[in-house]
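Here the structure comes first, spelled out in structure tokens, and everything after it is commentary.
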Number of protein chains: 4
Amino acid sequence: MINICREGVVKIKKELIRKAAIDVIAENGFFNAAVDRIAARAGVAVGTVYNYFEKKEDILDYIFQVEYEKRVSFLEDLKKRDTGPVEKIREIMNMHFSEMKKNPNLARVLLRERGFAEQDKMIHIKKFEELPAQIKDIIQEGVDKGFIRKCNPEILSVIIFGAVEALMTKFILENKNGEISDIFDVALEEMSNLLEKGLVQSPGES
Amino acid sequence: MINICREGVVKIKKELIRKAAIDVIAENGFFNAAVDRIAARAGVAVGTVYNYFEKKEDILDYIFQVEYEKRVSFLEDLKKRDTGPVEKIREIMNMHFSEMKKNPNLARVLLRERGFAEQDKMIHIKKFEELPAQIKDIIQEGVDKGFIRKCNPEILSVIIFGAVEALMTKFILENKNGEISDIFDVALEEMSNLLEKGLVQSPGES
Amino acid sequence: MINICREGVVKIKKELIRKAAIDVIAENGFFNAAVDRIAARAGVAVGTVYNYFEKKEDILDYIFQVEYEKRVSFLEDLKKRDTGPVEKIREIMNMHFSEMKKNPNLARVLLRERGFAEQDKMIHIKKFEELPAQIKDIIQEGVDKGFIRKCNPEILSVIIFGAVEALMTKFILENKNGEISDIFDVALEEMSNLLEKGLVQSPGES
Amino acid sequence: MINICREGVVKIKKELIRKAAIDVIAENGFFNAAVDRIAARAGVAVGTVYNYFEKKEDILDYIFQVEYEKRVSFLEDLKKRDTGPVEKIREIMNMHFSEMKKNPNLARVLLRERGFAEQDKMIHIKKFEELPAQIKDIIQEGVDKGFIRKCNPEILSVIIFGAVEALMTKFILENKNGEISDIFDVALEEMSNLLEKGLVQSPGES
DNA sequence: CATGAATGAGGATTCATTCAT
DNA sequence: CATGAATGAATCCTCATTCAT
């Protein structure tokens with residue numbers, strides 16, 4: 001469908017820039033990603049970038065904003081669903097892994113450039129950092145309903161998110177130029193097992 | 001005046017610079033940490049920095065090197081000890097958390113600037129990134145001895161390290177200017193529980 | 001306001017910088033010619049210089065390029081002309097001397113900064129160094145047509161070029177701040193005589 | 001013979017530095033020749049260099065001074081000899097060429113770094129530049145005695161010196177890393193011929 | 001809105017020179 | 001005299017940002 005309205009057109013350019021920025025930043029890191037090069041990659045003039053973003057940092061923040069919103073709406077959908085909490089967490093992991101397979105560069109940026117969360121201007125990076133809190137609710141609900149043992153949901157949400165991101169980081173480092181291994185399936189399984197059984201040998205099991 | 005020994009003096013200056021760099025990088029991020037400011041903080045001239053480090057990047061790499069060596073010798077000691085694997089992992093977490101309490105700025109740097117591991121020159125950052133592999137051995141040993149259930153030790157080491165680092169990151173973000181909460185004790189407990197029992201309510205438990 | 005044409009405008013700025021560079025380099029030598037000062041002399045910002053030249057060295061190379069091309073086209077015209085070889089050489093000298101009177105600073109640069117010909121990047125300085133070879137052809141032709149006695153044209157071209165440049169250097173050193181003496185006419189005459197008669201007293205002449 | 005006196009010892013160190021400087025400057029040019037590297041090459045500490053030379057430039061000037069004095073005493077000897085002027089000039093050329101074969105690096109420095117003659121501090125470089133004037137006397141004497149035709153001796157001395165240096169420069173550029181070709185013999189012959197016969201075909205010669 | 005030349009503050013790095021030992 | 005660590009001014013170059021067209 002053709003989107004002719006002004007806003008739609010605007011968004012197309014902004015999208016071009018956002019996507020170019022993801023690639024350039026993934027390749028060079030945010031600081032080494034010159035605005036000129038981002039513009040060039042987007043097939044656009046430098047000045048044009050500054051029609052859509054006030055400062056270079058805003059580009060990065062916008063990248064996080066888009067992903068943040070994607071995740072928020074995903075999590076909202078998820079919460080409504082009727083599955084158990086472990087299954088939900090499994091789906092969250094699944095979502096992250098498959099997003100990463102779709103766009104490894106994006107994952108690279110999301111994982112590497114979070115350092116800016118401390119800066120006050122980067123409101124969406126900061127928000128992104130608060131996403132684990134969303135898992136907290138799922139865990140809390142699981143506890144309330146008796147599916148999950150008593151625990152500190154906030155801490156556990158951090159633990160789970162950290163684990164997921166560490167897995168992604170590992171695979172990024174190992175697959176710099178190649179295809180993402182399907183080791184993700186193994187990772188998924190291991191995480192599920194950890195949550196279900198812990199890591200310790202139960203008495204009476206082989 | 002007594003000059004302890006040439007090598008000692010050299011190390012003192014290099015130490016001054018290293019410590020100053022940790023603070024300045026923690027506050028501004030590596031890229032915004034001007035060498036001039038690091039030198040000033042160290043009470044030293046710019047040129048002096050370049051007597052000890054060839055390039056700015058080498059300062060960062062050296063920071064990782066020192067910490068890497070600390071951790072390696074810690075892990076070597078740990079392996080020799082006679083405790084069970086879960087207890088060992090607990091000690092690793094404990095070590096990280098207490099290191100962090102001692103020097104939060106250092107933790108900030110270690111957590112935030114790992115992105116450079118992809119650069120070839122940063123050999124110690126790269127090595128640092130491979131530390132989780134050390135946990136792998138502990139897990140493997142646990143499996144072999146029957147203390148830990150069958151699993152993929154490599155993946156699980158990544159999961160555990162990721163969890164620990166996420167916890168540290170969270171507390172850094174929340175305690176930018178303040179004292180580190182003793183929430184670490186809770187975190188420690190929760191991690192231990194996760195490893196021992198998983199997250200799921202066992203049938204027959206309340 | 002009428003914008004002659006994009007390319008024209010570009011050339012104007014590049015010309016400004018080139019001319020400023022000639023003066024600053026002539027006064028201080030290439031190494032002591034700070035890019036900032038060249039920019040200031042050109043009435044332009046530092047950054048602008050780097051819009052037209054990738055590196056400082058490229059400015060110097062460009063100065064040689066422009067002069068090289070001037071000389072090549074002059075020599076091509078000259079070859080076509082119907083005059084004898086000695087007359088042609090005389091015209092070459094004349095051209096050099098009058099160019100030098102027009103812009104002594106330029107001559108200063110051309111004579112003093114050739115040392116860079118050894119660097120691989122300075123392709124035009126290297127080419128400039130090969131200009132004497134053009135005289136070689138003229139001499140060779142003279143030999144072929146019987147106007148010039150048997151000799152090694154390559155060596156002689158070097159000798160002639162060297163002589164011309166030494167003369168120019170001498171006058172530059174003697175006329176740092178003043179007008180170029182018209183001693184050039186004498187020099188021209190002496191060179192012509194040398195070529196025609198040698199330096200030795202012929203038997204039977206007074 | 002062992003030279004134990006203070007001055008002798010001093011000179012040995014100064015000589016070490018001078019020779020090292022010649023090599024380092026020949027390889028990198030004067031500006032890229034760091035005093036550290038000169039000192040290192042001489043097997044001496046930086047500070048030691050400054051015990052013998054006040055400023056870096058003084059090292060270069062000293063190199064020229066030594067060579068200047070060598071040439072002056074050579075020319076004084078030469079003047080006393082009973083040979084004809086052309087033969088004397090031939091010997092001057094011969095001296096330059098063979099000096100150059102002995103130490104190409106030195107020749108490189110002498111030819112490339114004369115640009116500093118304009119600076120007031122470099123008194124010996126300036127003096128070196130005035131050496132051609134010594135040939136002037138030889139020519140003048142030749143004219144007076146009837147061996148050389150009437151001419152402007154000053155101009156001709158410049159011409160001859162320029163020719164010689166151009167030949168040396170050419171061979172340096174062509175023999176950067178290799179042995180100096182024996183083309184010098186040819187050059188010597190051609191110069192002699194030029195001086196004796198000029199370049200023009202005499203009527204009645206083949 | 002699009003363009004991209006111009007800007008100049010900022011930062012990494014070098015290196016001549018000093019001076020305490 | 002010898003040493004070489006320390007100094008910091010000086011310089012090249014980058015790049016975010018502006019603005020006239």
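The values are calculated or read from the model by the stated rules, or taken from the named source; none is laboratory data. These figures come from a predicted structure and were not determined experimentally. Ideal geometry is used to build each Cβ from the backbone, glycine not excepted, and the neighbour counts take in all protein chains shown. These area figures cover heavy atoms from the full protein model, side chains too; ligands, DNA and RNA do not enter into them. Shrake-Rupley method; radii C 1.70, N 1.55, O 1.52, S 1.80 Å.
Quick check on residue D:109: is it in the same structural domain as residue D:167 (by TED's automatic domain parsing) and away from DNA strand E (no atom under 16 Å from the Cβ)?
Numbers: in the same structural domain as residue D:167 (by TED's automatic domain parsing): yes; away from DNA strand E (no atom under 16 Å from the Cβ): no.
The answer is no for residue D:109.
Going through the stretch C:52-85 one residue at a time, which ones are among the aliphatic types (A, V, I, L, M) and within 15 Å of DNA strand E (Cβ to nearest atom)? Break it down into steps so the answer makes sense when it comes.
Of the stretch C:52-85, the ones among the aliphatic types (A, V, I, L, M) are C:59-60, C:63, C:66, C:72, C:75, C:78.
Within the stretch C:52-85, just C:59 meets the criteria.
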- request: Restrict the check to the stretch A:123-142 and report whether at least one residue is modelled with pLDDT of 90 or more, among the hydrophobic types (A, V, I, L, M, F, W, C) and open to solvent by 60 Å² or more (accessible area, probe 1.4 Å).
  value: yes
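Go through the stretch A:98-111 and report how many residues are surrounded by 21 or more Cβ atoms within 10 Å (Cβ to Cβ) and not β-branched (Val, Ile, Thr). Don't jump to the end; show me each part of the working.
So in the stretch A:98-111, the residues surrounded by 21 or more Cβ atoms within 10 Å (Cβ to Cβ) come out as A:100, A:107-110.
Then drop every residue that is not not β-branched (Val, Ile, Thr), which leaves A:100, A:107-108, A:110.
Within the stretch A:98-111, residues that are surrounded by 21 or more Cβ atoms within 10 Å (Cβ to Cβ) and not β-branched (Val, Ile, Thr) number 4.
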query: Name the pairs: first residue in the stretch C:31-53 and among the β-branched types (Val, Ile, Thr), second residue open to solvent by 50 Å² or more (accessible area, probe 1.4 Å) and more than 7 Å from DNA strand E (Cβ to nearest atom), Cβ to Cβ under 6 Å, at least 6 apart or on different chains?
result: C:46/C:36
message: For the stretch D:85-97, give me the residue count where each residue is in contact (Cβ under 8 Å) with a residue 60 or more places away in the chain and open to solvent by 30 Å² or more (accessible area, probe 1.4 Å).
response: 2
- request: Could you tell me which numbered condition residue A:196 fails, if it satisfies all but one of (1) at the interface with chain B (Cβ under 7 Å from one of its Cβ atoms); (2) at pLDDT 90 or above?
  value: (2)
query: Any residue in the stretch B:15-27 that is within 16 Å of DNA strand E (Cβ to nearest atom) and open to solvent by 80 Å² or more (accessible area, probe 1.4 Å)?
result: yes
- prompt: Given the conditions (1) more than 10 Å from chain A (Cβ to nearest Cβ); (2) open to solvent by 30 Å² or more (accessible area, probe 1.4 Å), which single one is not true for residue B:146?
  reply: (1)
statement: When (1) touching a Ser or Thr at 6+ places or on another chain (Cβ under 8 Å); (2) more than 25 Å from residue A:69 (Cβ to Cβ); (3) at pLDDT 90 or above are applied to residue A:162, the one that fails is (2)
message: Condition first: crowded, with 18+ Cβ neighbours inside 10 Å, within 14 Å of the chain's Cα centre (by Cα) and not aromatic (Phe, Trp, Tyr). Can you find one or more residues in the stretch A:52-61 that meet it?
response: yes
- request: Could you look through the stretch D:40-51, keep only residues that are more than 8 Å from DNA strand E (Cβ to nearest atom) and surrounded by 17 or more Cβ atoms within 10 Å (Cβ to Cβ), and pick out the one that is farthest from residue D:108 (Cα to Cα)?
  value: D:44
